[in-house]
Structure formats: C-alpha cells, structure tokens
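The values are calculated or read from the model by the stated rules, or taken from the named source; none is laboratory data. Everything numeric in this text was worked out from a predicted model, so none of it was measured. Cβ sites come from the backbone with ideal geometry, for glycine too, and all protein chains shown count toward neighbours.
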Amino acid sequence: MRAKALHLKTLMPELTTLLLVTADGGPLQMASPWPDGVLDFHALRATQPADRLLSQRHFAATDIAAYFHTGGTTGAPKLARHSHGAQVFTAWANATMQGFRCEDVLINGYPLFHVAGVLPGALCSLAVGMETIIPTAALFRNRDVIQNYWKLVARHRSTLISGVPTALAALAAVPLDGADISSVRSVRTGAAPLPPELAARFERDFGLSVRESLGMTETAGLSTVTPPGGEAPAGCVGWPLPYARVRIVELDAEGAPTDREQPVGQSGMVLYRGPNLFSGYLDAAETAKAFTADGWLITGDLGFRDAQGRLNLSGRAKDLIIRGGHNIDPKVIEDALGAHPAVHLCAAVGAPDAYAGELPVAFATLLPGATTTEAELLAFTAARVDEAPAKPRSITILDHMPVTNVGKIYKPELRTLAAGAVVQALVDQVGEALGLAADMRPGVLAKGDGPVRVRMRAGGHVQSQAEVDARLLPLLEALPVKVFVDRN
C-alpha cells in the first residue's frame, strides 16, 4: 500500500506533500531514505496542540481537496479531483435535505475509502455534530457485524442506518431476536438500485422504510435525495440537491446521450449539473468524455422523472442488454427474479450470441436455508417479464455473488461467466458431433473479469484436432466477444 501511495505521487506533479500513516499510530520505518515531500503523519501530529491544527493556509472553494478513485464497476477506475467547495456543498445539502440533527446517531455502513462513506457519511456527520458509529474497520465486510447488527442498533440507540443494497440484503436475513430498534427513524441506501422485494422485506419484517439517494464520485457523493417522510417506490432516488439540476435526454443508436429532452415518465440518460461537480479526472481526455458539449455531466445512469419531479432510476447505460438492436433494461429481469421468495441477490447481464449480439441471462444467490431449482426460477421470472425478448434464456444459481469492495454487484465478472457458458456449449456441441469424450474436448476457462480462454488438448489424433479447429474456431470467431485460444 505504501508503494502504491509513493507511485501516485509520481503521477500527480501538483501533489507536493504525501503523509504516510500506520494503522497503530506508531513511528514509520523505512528501509531507504524518504523521497522529497514524503512526511510522517504521526510525527507532525505530535507537534500540534491537542485541540486544533495550526495552519496559515486560507482555503479557496476551488482548491483541490482530494483525489477519489471511481468505483470501476463498468471500466477501469479513474482518479477524480474534488474541490473543497464541492465537498462542503455535499455535506450541507445532505444534512439540509435529510433533516439531520446533532442528536442523531449514525451507523456508517459505507466504506471509508469510498466517496459515500467519506462525504455524505463522515463529513456530513462531522458538520452536523452527530455521533457516528464505525463497527470495525471492515464494516459490513465483517460477518460478525452483520450477525450482530440489530444488537448494535439497540445498544447505541441508532437513529440513522445506511448501507448499499447488498449489505441491506444481508441484514434482512438476520432476525431481530428481541433487539429494540425503535430508535431508528431513517434507513438510507444508494450506490446501486434497490430491489423492490428488498424494500418490501424491510417494511414487512422490521417496519422500516428504505429511502434511496443517488450519488457518484463525480458529484462528490450526492446528486439527488429522497427526504424523510412520504412514500416512494423502489428505484425513486428523490429530488436534485438545492441549486442543482437534472436532465433526462434520449439516447442515440450507440447508447450515447443526445440533446433531445425526454418527457415525464420516459426513460433516458441522466445528466447532472450542480455546485458539487468534480473538477475533472487526472486524465484530461477522460474528463472531456465525461461531459456534454454544453457542460452537463453524463452520469451513465438511466432513469425518468415522475409527475412529482423525482428521479427514478432503472439502471446503468453500460449495463443495457442489446439484443438484435433491442435495448433490454436488466432491472426488468432483476425485479422479476428478485421477487422469488428464495432469492437473496440477483443480476442480469448479456451473454454473447453470434446472431443477436447479446441474449439476457441471470444469476442468483439464495437465502440461507432456501431451496429451489434453476428451472423453477427461470419459469417464475419469465412469467413476470412482459417483453418476449427480455425473458432470460437461463438462470444460474451461484454460491456467492461477486461484489466490489464497496458491496456493489460486479457485473463484469458475471459477463465473463455468461460468456464462458456460451463457449462451453459450443465446445460440447462440436465434441458431441465428433464423438469426443469429455476429457478429449478443449477446456474452457472463465474466471474473474478477464476474457474467456479455450485450451486445446495436446496429443490425440491429428485428424481429430484438425476437425475440432475446423468446426470450433469459426463458431468462436462469430461471437461478439474476444475468445483466446491457447495451444499446449
């Protein structure tokens, strides 16, 4: 981690000082002399008074306060620059719209390396003066925190709780066991769409309404908020922040935003403009691609405005499944599959297809103790998806759903699994046609978020290998994804 920090300094010429911190607060040990501008945070802290920092610096709103990495769920993470003004605005707007009070007690469920945990979570709490509970450094990634969460709420008399939908799904499976959670007045979520069934489960089992907000690294963690009180359907992320604006525009054939405004109720690309816009990425070329020609941030989110002016999200533009030119919103499939009583988490992605480009498939994990079959889930989901092209071709039950460090479902890994299943089916098709035993067929490797690899078997009859090549390679080349062929 220290080496990564030192490397970042070489990428940012304007970063003049780098403070190194140890987890135990002790002195730093370095095997070699420190580079210029690298200082020991603990040694510097020891020179300061106990109740304040001595500084002669005068901050301007446009001064850069921090570099945050983006989530990277749809591509490589990028470094985004935040100004002091943007961060302070987020803290003020969040507290104002949600009615936070200094008497509140918040269990911060967002990681402190993520923009939601640092700004709408920690900075806002500090500004208001509320108490913040951080249940171990790992937060919701600590299984003991999940299993004892309602006891923590009861012990600290928490009034506010928060977490990404996957974390809330884990909490929904934990019984109260007599814990008194009557102090809770608000449950917040964001970072990913809230499944309707999960919202209903919280209301039914705990008597708690989950309210959604929208934010991203490029908006200093917040852009719309659903205030306390009132009813809001799952997927509704509320109204824009004060002094901020949201537009919904039509997409072109390639999925890029146009300048044509969408009417109320019609879905399109969400554009944002407000005081907490980021100051651009470290890479100027990436910054240029993030904005429209007239300066609106292209969020990558798909959504619509309802009659009350609230923003309702349906998903990410990059998550759209494009089947023969027909755009399929994966949330339609996910909402249908997520309504099954045995399903814990689920996600839909596009599987590569030589003819249609992509076909919808889905993955699911089950609640503890629940049993069902993939065939039952497929029939259940298909009956609840109206559009024939959007009905999933398959549903795969997983032991564990891949998620990012923040807790978002990591769809690139699911796409690799989907592509691997398609390639495996083609390998089996060729193997059966040639009468090859399973151990003589090419092997398929589909792991992580990388490309699918096909490993040709060494040995065997030369004519058989030539026949496999002649039949399999054209099928692989026809797929709209790159498949690597390895030969021993």
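Could you please find all residues in region 243-291 being within 22 Å of residue 93 (Cα to Cα) and polar (S, T, N, Q)?
If the condition is that a residue be within 22 Å of residue 93 (Cα to Cα) and polar (S, T, N, Q), then 276, 279 are the ones that fit.
Which of the residues belonging to region 115-137 are in contact with a helix residue (DSSP H, G or I) (Cβ under 7 Å, 6 or more places away or on another chain) and without any contact (Cβ under 8 Å) to a residue 24 or more places away in the chain? Show your work before the answer.
Kept after step one, since they are in contact with a helix residue (DSSP H, G or I) (Cβ under 7 Å, 6 or more places away or on another chain), are these residues of region 115-137: 115, 119-120, 123-124, 127-128, 132-133, 135-136.
136 - this is the single residue of region 115-137 that is in contact with a helix residue (DSSP H, G or I) (Cβ under 7 Å, 6 or more places away or on another chain) and without any contact (Cβ under 8 Å) to a residue 24 or more places away in the chain.
Residue by residue, here is whether (1) part of a loop (DSSP other than H, G, I, E, B); (2) closer than 24 Å to residue 100 by Cα holds:
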residue	(1), (2)
234	yes, yes
237	no, yes
243	yes, yes
250	no, no
253	yes, no
263	yes, no
272	no, no
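Kindly indicate the residue of region 260-287 that is in contact with a Gly (Cβ under 9 Å, 6 or more places away or on another chain) and either of a type in the set (Ser, Thr, Tyr) or over 28 Å from residue 306 (Cα atoms) (or both) and also surrounded by the most Cβ atoms within 10 Å (Cβ to Cβ) among those meeting that condition.
Checking each candidate, the answer is 267.
Can you find, within region 472-488, the residue that is modelled with the lowest pLDDT among those that are of a type outside the set (S, T, N, Q) and over 22 Å from residue 358 (Cα atoms)? It would help to see each step written out before you state the result.
Here is the first cut: in region 472-488, the ones of a type outside the set (S, T, N, Q) are 472-487.
With the extra rule that they be over 22 Å from residue 358 (Cα atoms), the set shrinks to 486-487.
On the way: 486: 85, 487: 79.
Step by step, filter region 472-488, then rank; the result is 487.
For residues that are assigned to a helix (DSSP H, G or I) and free of Cβ contacts under 8 Å to residues at least 40 places away in the same chain, scanning just region 383-413, find the one that is nearest to residue 328 (Cα to Cα). Spell out how you get there, then give the answer.
Restricting attention to region 383-413, the residues satisfying the condition of being assigned to a helix (DSSP H, G or I) are 388-390, 411-413.
Now restrict to residues that are free of Cβ contacts under 8 Å to residues at least 40 places away in the same chain: 388, 413.
Values: 388: 10, 413: 19 Å.
Within region 383-413, the match that is nearest to residue 328 (Cα to Cα) is 388.
Test residue 431 against the stated conditions and say whether it is assigned to a helix (DSSP H, G or I), without any contact (Cβ under 8 Å) to a residue 40 or more places away in the chain and buried (at least 20 other Cβ atoms within 10 Å of the Cβ).
On the way: assigned to a helix (DSSP H, G or I): yes; without any contact (Cβ under 8 Å) to a residue 40 or more places away in the chain: yes; buried (at least 20 other Cβ atoms within 10 Å of the Cβ): no.
Here the answer is no, as residue 431 does not meet what is asked.
Quick one: count up the residues across region 478-488 that are more than 16 Å from residue 425 (Cβ to Cβ) and either in a helix (DSSP H, G or I) or not basic (Lys, Arg) (or both). Quick ask: steps written out before the conclusion?
Just the residues of region 478-488 that are more than 16 Å from residue 425 (Cβ to Cβ), to begin with: 482, 484-488.
Those still in the list that are either in a helix (DSSP H, G or I) or not basic (Lys, Arg) (or both) too: 484-486, 488.
Matching residues across region 478-488 total 4.
Is it true that some residue in region 117-126 is surrounded by fewer than 16 Cβ atoms within 10 Å (Cβ to Cβ), at pLDDT 90 or above and in the same structural domain as residue 94 (by TED's automatic domain parsing)? Walk me through it before giving the result.
First pass over region 117-126, keeping only residues surrounded by fewer than 16 Cβ atoms within 10 Å (Cβ to Cβ): 126.
Narrowing further to those that are at pLDDT 90 or above: 126.
Those still in the list that are in the same structural domain as residue 94 (by TED's automatic domain parsing) too: 126.
Yes, region 117-126 contains a residue that is surrounded by fewer than 16 Cβ atoms within 10 Å (Cβ to Cβ), at pLDDT 90 or above and in the same structural domain as residue 94 (by TED's automatic domain parsing).
Of the numbered conditions (1) in a loop (DSSP other than H, G, I, E, B); (2) modelled with pLDDT of 90 or more, residue 344 satisfies every one except a single condition; which is it?
(1)
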